[in-house]
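Accompanying notes for the structure given below.
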Amino acid sequence: MSPGIPQAGIRWAGPRALLIELASLDSVLAVHAHLVQHPLKGQVDVLAAAQTVLAVFDSRTSARIARTSIAALDPTPSEDTRMSGDPVRIEVVYDGDDLTDVGNLTGLGTDGVIEAHTGQLWTAAFGGFAPGFAYLVGENESLNVPRRDTPRTAVPAGSVALAGNFSAVYPRRSPGGWQLIGRTAARMWDLDRDQPALLRPGTTVQYVAVREIIDVAHTAEKNDDGARPAAASSPSLEVLSPGPQSLIQDLGRPGLSDLGVSVSGAADVSSTRQANRLVGNEPGDAVIETVLGGLSVKAHGELTLALAGAPAPAEIRSDTGDRPAPMYAPFALHDGESLHLDVPDAGLRTYLAVRGGIDVPPVLGSRATDLMSGIGPAPLTQGAVLPIGGVKHNLPHVELAGHAANAPAFVACPANSRRVVGNPEPSTLPGELVEPNGNKPVQLRITAGPRQDWFTPESQAALPAQDWSVTAESNRIGVRLAVTDGQPFERARTDELPSEGVVAGSLQVPPSGLPVLFLADHPVTGGYPVIGVVVPEDLPIAAQLPPGTTIRFVEVSPETLQPTAAQ
């Protein structure tokens, strides 16, 4: 009879994800392999870590049903969790800055470290904090060493490193605290390959010592502004000014956590969907996400646009005069006219959709800009020209239903689309954000986090009981919070938490006790305990919180989203 997985070891990580605790890395690999090969209903992603597997689902109903199915899984390691085929050969010059220190820490000396590193097979157990970064576990623990006391601010791409019982190769230049023992020219991440990541969970690796390597320059991930010359007959949008930050976004690239790639996508999904709906696009068409106004664009061809999200005063300028552009309603931007956005009256992020969608090349199936991993189009710059998809010339004009006052009544629409432009809609932003009512905080629903028990009872009770303030250090990776009328969170456990998968909405607590609420560009794994998880339905609100906003968490059940008994 299968031993199964205890229900106590299957923790909610928000209402749509489950964190599965397992006794060994071999059990992690076995459960991960099973879920990859036999996905459960509604499963959209699965991520292995040192002691856990994170399974993400499309709804809380799917997650609730999956919890029963996961409990019945056999976590017993199979005889071989490695992928079939020969090991990947990685040639290494062993001249790392920490090689001597590792020799002293292990008692093996430098030659002994090299022999131990090359004398065993390594298996990719799980992905890491960057695309292509894989945690490799060896056949023995002879090279188990701690991280550096002081992390380096920049580790060169291709560095071969050790930390704990893991080995890894840094795929790109990035900060890091691992012990550096060598370097390689192996391309760990290459978007020109069918499989961009050289190593996936289960891949085996054989390190090979060489005296020198052909140092092929590691090119940065394909991350340009997405602009490309548009044909003379094709409509496009020219960026006159990007403002503080303007990015191309869609609904992201789910299902790639094992490669170290987060979903990313628009920070405020509700507003993105609304903007696309208003111009008759598909929900996942690419839009422009702009922060705090300042965006100016010029039409080349006849375009239909819509603005959603943070309400920003907008003006259309032309040779014949200027006119205001509406929020939350479709409007025309004629050939040669320009649209200019001012600072929003509320919120942070405004979304601009164009009928046909921003037609830049997709990367890994998405046009989203991921600022943390460097995947997708780069932030927009002055002069970028963005092609518009699905729009043809010489089209009959279609009357715009419910057009706003001062907006033209007719706009050009694609002949090959059956979707019609939408009627004006109300804002998706909550009333307390658009029309602040004194000092009333913005409420965010939150479920107990998978590591809530790592905190003192007083801190657990304070999660929904005290107010927090959004700081100016917030960005697309996360909303950083400061205490308004209480104390920072205090941990009951002081040991180090092995890195494990995290979802958007996770409220991760570093040693300072001041939490960070993860948004779209968060890392796929984290090493700080998560005390709570904001429900996905409220993340669009979190993405619109300007610095200084006061928030209050309302604790709800992950299965029903109803307030807990303590509320």
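Accessible surface for the chain, divided over its residues, is 41 Å² per residue with a 1.4 Å probe. Toward the positive end of the charge dipole of the chain, with +1 on the Cβ of Lys and Arg and -1 on the Cβ of Asp and Glu, the farthest Cα among His522, Pro426, Ala378 is that of Pro426. When the charge dipole of segment 109-207 is built from unit charges on Cβ atoms (+1 for Lys and Arg, -1 for Asp and Glu) and taken about the Cα centre, the candidate among Pro171, Val113, Ala124 whose Cα reaches farthest toward its positive end is Pro171.
Looking only at Cα atoms, what is the convex hull volume of segment 250-371 per residue, in Å³? Please list the in-between numbers first.
Details: hull volume 11.8 nm³, N = 122.
For segment 250-371, the hull spanned by Cα atoms encloses 97 Å³ per residue.
Here the scattering of segment 506-567 is modelled by Debye summation over its C-alpha atoms, one equal scatterer each and no solvent; at q = 0.19, 0.26, 0.27, 0.28 Å⁻¹ the log10 of I(q)/I(0) is -0.86, -1.32, -1.35, -1.36. Computed from Cα positions, the angle between helix 109-118 and the longest principal axis of the chain comes to roughly 70 degrees.
For segment 37-132, taking Cα atoms only, Rg and Dmax work out to 19.5, 55 Å respectively. A simple spin-label model places the labels of Asp97 and Ser512 2.5 nm from each other, with each point 7 Å out along Cα-to-Cβ.
Which label marks the calculated value of P(r) over Cα pairs in 20 Å bins from 0, in percent, given the options (1) 19, 46, 28, 7, 1, 0; (2) 19, 48, 24, 8, 1; (3) 20, 48, 28, 3, 0? It is the value labelled (3). In whole Å, how far is the Cα centre of segment 41-79 from that of segment 343-382? What the calculation gives is 32 Å, centre to centre. Taking only protein heavy atoms and a 1.4 Å probe, the accessible area of segment 253-333 is 52% carbon and sulfur. For segment 1-62, the Kirkwood hydrodynamic radius comes to 11.8 Å, computed from all pairs of different C-alpha atoms.
Taking Cα centre as origin and charging only the Cβ of basic (Lys, Arg, +1) and acidic (Asp, Glu, -1) residues, the dipole magnitude of the chain rounds to 860 debye. Evaluated with a Cβ-only charge set (Lys, Arg +1; Asp, Glu -1), segment 297-340 carries a dipole of roughly 140 debye about its Cα centre, given to the nearest 20. The three principal axes of the C-alpha atoms in segment 80-148 carry coordinate ranges of 35, 26, 22 Å, sorted with the longest axis first.
Ellipsoid fit via the Cα gyration tensor, segment 423-567: semi-axes of 24, 17, 15 Å, each the root of five times an eigenvalue, largest first.
The values are calculated or read from the model by the stated rules, or taken from the named source; none is laboratory data. Please read these numbers as outputs of a predicted model, since none were measured by experiment. Note that each Cβ is placed from the backbone with ideal geometry, even for glycine, and that neighbours are counted across all protein chains shown. Accessible surface areas use protein heavy atoms only, side chains included; no ligands, DNA or RNA. Shrake-Rupley method; radii C 1.70, N 1.55, O 1.52, S 1.80 Å.
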